[in-house]
Amino acid sequence: MDGITSIYQSQYLNNSESTKQVENSLNKDYTNSSDDELMGVCKQFESYFVEQMFKAMEKMIPKDEESESVSTLDYFKDTLTQQYASMATEKGELGIAQMLYEQMKINYNL
């Protein structure tokens, strides 16, 4: 069980690291950036936003008192949530990244 615990802990640390990466990306000056770089940051933000939304929705699901023990699936749930968020962003159906991209182009006069 120590191996699974260490994987879970490293995944938790990666989640806080991904939060820092998004914050750093959003604080950068994009005045001289390319269209691809700007869209990449917008997609990164949308993916992070969707991931947080999925996690908030999951917290609303009532839990059984009998299933309080931690399963192996619980250790990989964050990774799965990140993948779902990434796939939703890549499909482009939400349009958050596109709207953010267009607004950033206006703000940076690109």
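The values are calculated or read from the model by the stated rules, or taken from the named source; none is laboratory data. Note that the coordinates shown come from a computational prediction; the quantities given were computed from them, not determined experimentally. Reconstructed Cβ throughout: ideal geometry from the backbone, glycine too, with neighbour counts over all protein chains shown.
Here is how the numbers come out for the structure above:
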{"quantity": "Residues satisfying the stated conditions in the stretch 26-64, i.e. among the polar types (S, T, N, Q) and surrounded by fewer than 16 Cβ atoms within 10 Å (Cβ to Cβ)", "calculated": "ASN27, THR31, ASN32, SER34, GLN52"}
{"quantity": "LEU110, sole failed condition from (1) surrounded by 11 or more Cβ atoms within 10 Å (Cβ to Cβ); (2) assigned to a helix (DSSP H, G or I); (3) at pLDDT below 85", "calculated": "(2)"}
{"quantity": "So LEU80, is it among the aliphatic types (A, V, I, L, M), at pLDDT 75 or above and surrounded by 13 or more Cβ atoms within 10 Å (Cβ to Cβ)", "calculated": "no"}
{"quantity": "Residue list for the stretch 75-94, filter: under 16 Å from PHE49 (Cβ atoms) and either assigned to a helix (DSSP H, G or I) or touching a Lys or Arg at 6+ places or on another chain (Cβ under 7 Å) (or both)", "calculated": "ASP78, THR81, GLN82, GLN83, TYR84, ALA85, SER86, MET87, ALA88, THR89, GLU90, LYS91"}
